[in-house]
Amino acid sequence: MAKRDRLSGNEAIAIALRQIDPDVFPAFPITPSTEIPQYFASFVANGQVDTEFIPVESEHSSMSAAIGASAAGARSLTATSSCGLAYMWEELYIAASNRLPLALAVVNRALSGPININCDHSDSMGARDAGWIQIYAENNQEAYDNMVQAYRIAEHKDVRLPIMICQDGFITSHAVENMELLEDDDVKKFVGEYEPENYLLNPECPMAVGPYSITDYYMEAKRNQAEGMKHAEEVVLEVAKEFAEISGREYGLFEAYRMEDAEYAVVMIGSAAGTTKDAIDKLREAGEKVGLLKIRLYRPFPAEAIAQALSGVKSVAVMDRAEGYTNHGGPLGADVMSALYRARSQALAVNYIYGLGGRDVRVEDMEGVFATLKQIAADGDAGEMYRYLGIRE
């Protein structure tokens, strides 16, 4: 039976982790993810989990310790934001290349500089090609649900890759929402016990983790790593189907909101999708055929499925909460436009950079985006494809 509660996104993640009861949790505080290890530390102190909680001296050390624990055969994780994620950079690649299915709770925050502690996606987007699975949440409920599903995805025998569970700093991490939590026993049963096949502390099978790879082997190792990522899409859907059976909440690679007959669509990641849904509902009442594609799984990128979902639209705006500094737009824009090109889509596409450093996004802003898309379709010309939303020029 589901339990109703009012929780912040950080507390929801911490409760999911309490229910999972991982083996090792090294942590170093950084705003706005600090509450996750803070809440979890209280669970450790109260004897509610058997987790080995390790306070370390830096984010580099927290990821290093999580990697060591995972290599030894333990279910491990840590949490971070912004510059903390950047400080882990070297270790992110090591975790992925060693096929270690550890988890990272990322509370998205702008990277310096200038110094800013508010939300954008520059931290996790900067790590998008490190070889980690990335799943994003719109709200607190999704953050909780994604974390419950995380280890089932990462530990799957056909995947064996680390996973980032991302949510928007302060917008979801600290805001309190009504939620439904699963029973502890249901989560425990769903996630199951971790039973690694190969690990350092297995006396029956001595092995090395992270050895030097000469030219003769390196490419094959990377190809094998890419194969695990290739399988992730199917596993994400399999796990989501099982999760729906115990929760009643359905998840896919993305959410298609009022897309059944949409002529103008927005593609985006994260909490601003809620604002966009409000704009869509308002415009639908006025007879406008508008819709939203909210990306949940960003790595691996489900290009074919996204292109198919957008196949009926006349124009599309891809919204990036991170600048790509390519002079062509942001990372999500590049991926979506590539998917549309490969599918030979006729949709006219533009890329907006929005919400950097926590800049607010209003319903009126998104109504303006849809008005622009309608004009683009009428003109038959996308015009300037690289745009900023809500900026003082």
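The values are calculated or read from the model by the stated rules, or taken from the named source; none is laboratory data. For clarity, every value in this text was computed on a predicted model and none was experimentally measured. Heads up, the Cβs are rebuilt from the backbone with ideal geometry, glycines too, and the neighbour counts pull from every protein chain shown.
Taking segment 191-234 as the search range and keeping residues that are at pLDDT 95 or above, of a type in the set (D, E, K, R) and under 22 Å from Asn146 (Cα atoms), which one is surrounded by the fewest Cβ atoms within 10 Å (Cβ to Cβ)?
Glu193
Name the residues in segment 155-192 that are under 25 Å from Glu233 (Cβ atoms), assigned to a loop (DSSP other than H, G, I, E, B) and hydrophobic (A, V, I, L, M, F, W, C), would you?
Matches in segment 155-192: Val159, Leu161, Leu182.
Being buried (at least 20 other Cβ atoms within 10 Å of the Cβ), part of a loop (DSSP other than H, G, I, E, B) and aliphatic (A, V, I, L, M) is true for just one of Ala273, Ala262, Ala279. Which residue is that? Spell out how you get there, then give the answer.
On the way: Ala273 fails: part of a loop (DSSP other than H, G, I, E, B); Ala279 fails: part of a loop (DSSP other than H, G, I, E, B).
Unique residue meeting the criteria: Ala262.
Going through Met366, Met337 one at a time, which residue ends up being of a type in the set (A, V, I, L, M), outside any loop (DSSP other than H, G, I, E, B) and either in contact with a helix residue (DSSP H, G or I) (Cβ under 8 Å, 6 or more places away or on another chain) or surrounded by fewer than 19 Cβ atoms within 10 Å (Cβ to Cβ) (or both)? Before the answer, list the steps.
On the way: Met337 fails: either in contact with a helix residue (DSSP H, G or I) (Cβ under 8 Å, 6 or more places away or on another chain) or surrounded by fewer than 19 Cβ atoms within 10 Å (Cβ to Cβ) (or both).
Going through Met366, Met337 in turn, the sole match is Met366.
For segment 51-65, check the following and say yes or no: at least one residue is under 24 Å from Arg99 (Cα atoms), among the aromatic types (Phe, Trp, Tyr) and surrounded by 24 or more Cβ atoms within 10 Å (Cβ to Cβ). Let's see the steps before the verdict.
Applying the first criterion (under 24 Å from Arg99 (Cα atoms)) to segment 51-65 yields 51-54, 56, 58-65.
With the extra rule that they be among the aromatic types (Phe, Trp, Tyr), the set shrinks to 53.
With surrounded by 24 or more Cβ atoms within 10 Å (Cβ to Cβ) added as a condition, the list becomes none.
No, that holds for no residue.
Answer yes or no as to whether Leu104 is part of a loop (DSSP other than H, G, I, E, B) and either at pLDDT 95 or above or under 25 Å from Leu181 (Cα atoms) (or both).
Values: part of a loop (DSSP other than H, G, I, E, B): no; either at pLDDT 95 or above or under 25 Å from Leu181 (Cα atoms) (or both): yes.
Against the criterion (part of a loop (DSSP other than H, G, I, E, B) and either at pLDDT 95 or above or under 25 Å from Leu181 (Cα atoms) (or both)), Leu104 does not qualify.
Using the structure shown, decide if Tyr251 is part of a strand (DSSP E or B) and either modelled with pLDDT of 95 or more or at negative phi (or both).
Working: part of a strand (DSSP E or B): no; either modelled with pLDDT of 95 or more or at negative phi (or both): yes.
When the stated conditions are applied, Tyr251 does not pass them.
What do you reckon, is Asp381 crowded, with 16+ Cβ neighbours inside 10 Å and acidic (Asp, Glu)? Give the steps one after another, and end with the answer.
Working: crowded, with 16+ Cβ neighbours inside 10 Å: no; acidic (Asp, Glu): yes.
No; evaluated as a whole, the condition is false for this residue.
Of these, Ala232, Ala208, which one is assigned by TED's automatic domain parsing to the domain that holds Ile94 and part of a helix (DSSP H, G or I)?
None of the others qualify; the one that does is Ala232.
Hey, can you tell me all the residues within segment 235-251 that are closer than 29 Å to Gly287 by Cα and buried (at least 17 other Cβ atoms within 10 Å of the Cβ)?
Across segment 235-251, the qualifying residue is only Tyr251.
Among the residues of segment 180-190, which ones are surrounded by fewer than 13 Cβ atoms within 10 Å (Cβ to Cβ) and either of a type outside the set (Asp, Glu) or within 20 Å of Gly73 (Cα to Cα) (or both)?
The first filter runs over segment 180-190 and keeps only residues surrounded by fewer than 13 Cβ atoms within 10 Å (Cβ to Cβ), leaving 185, 189.
Matches in segment 180-190: Lys189 only.
Which of (1) buried (at least 20 other Cβ atoms within 10 Å of the Cβ); (2) touching a helix residue (DSSP H, G or I) at 6+ places or on another chain (Cβ under 6 Å) does Tyr87 not meet, given it meets every other one?
Among (1) buried (at least 20 other Cβ atoms within 10 Å of the Cβ); (2) touching a helix residue (DSSP H, G or I) at 6+ places or on another chain (Cβ under 6 Å), Tyr87 violates only (1).
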